[in-house]
Amino acid sequence: MSVLYTYLEDLLKQPYALPTVIATVSIAAFITYFQGQKQQKQKTPESNRNDSDTKKGSSESSESAAPKPKAFALPSTPLPPPNWSRSWTSEELSQHDGEDDDKAIYVAIKGTVFDVTAKKAMYGPSGGYHCFAGRDASKALGKSSLKVEDCVADYSDLDEKERKTLDDWYAFFEKRYPIVGKTA
Ligand code: HEM
């Protein structure tokens, strides 16, 4: 302890030592203070949003207050049995691309038609996966492509890896969406 004291005493005897120490401590305090202010500002919009969410939830039904479903979550209720008796022509299927608000949204994979209306935000007109809606999008799903020209039923030119990707998507949809028929 006395070593430290002697060291500090010697240090302070140096010309400009005291002003240098004061300046350093002031700058450090200044930076710490402004960083604290910045973090506070970043926190505010988040807490405001949470507040408004809570308000919205309490003024609406208890269902709307439920937490947002996680990405890739399985449906909370069991799926209805597949309706294999219904056959959809491509013309009929195209009516279910989400452009008409009154109609369900369908995506077909390997000839199976899935009702994806529950994920309107994704498959509807402003959704990132709208290109798959109202058609059999097998090739695009196999190729991991969002190009409209790839959204076709013919997946014969997919390689082995792409076919596996397509089958994985089929399994994904099968677990999550009601099957409303087959493509004609
Ligand atoms: C940068 C590229 C991509 C990112 C960051 C991304 C991200 C995501 C995320 C976060 C989800 C889950 C969304 C949710 O459930 O709320 C999702 C789902 C999905 N993605 Fe992508 N994606 C990308 C590219 C692609 C591509 C190229 C395809 C083309 C096949 C694709 C097809 C899908 C499909 C079919 C789903 C399932 C949607 C559903 O729940 O029905 N994604 N993606």
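Nothing in this text is a laboratory measurement; each read-out follows from the coordinates by a stated rule. Values in this document were obtained by computation on a predicted structure and should not be read as measured data. Here the Cβ positions follow ideal geometry from the backbone for every residue, glycine too, while neighbour counts run over all protein chains shown.
Tabulated results
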{"quantity": "Among (1) under 23 Å from the mean Cα position of the chain (by Cα); (2) loosely packed, with under 14 Cβ neighbours inside 10 Å - the single one D157 does not satisfy", "calculated": "(1)"}
{"quantity": "Residue in the stretch 124-131 that is within 9 Å of the ligand (Cβ to nearest atom) and assigned to a helix (DSSP H, G or I) present", "calculated": "yes"}
{"quantity": "Every residue from the stretch 132-161 that is within 13 Å of the ligand (Cβ to nearest atom), more than 23 Å from W84 (Cβ to Cβ) and not in a helix (DSSP H, G or I)", "calculated": "S144, S145, L146, K147, C151, L158"}
{"quantity": "Residue in the stretch 162-169 that is near the ligand (Cβ under 9 Å from one of its atoms) and either loosely packed, with under 14 Cβ neighbours inside 10 Å or in a helix (DSSP H, G or I) (or both) present", "calculated": "yes"}
{"quantity": "Residue within the stretch 161-178 that is among the charged types (D, E, K, R), farther than 19 Å from F72 by Cα and without any contact (Cβ under 8 Å) to a residue 12 or more places away in the chain present", "calculated": "yes"}
{"quantity": "When residues of the stretch 71-95 are limited to those that are more than 15 Å from the ligand (Cβ to nearest atom), touching a residue at least 12 places away in the same chain (Cβ under 8 Å) and part of a loop (DSSP other than H, G, I, E, B), the one farthest from the chain's Cα centre (by Cα)", "calculated": "S85"}
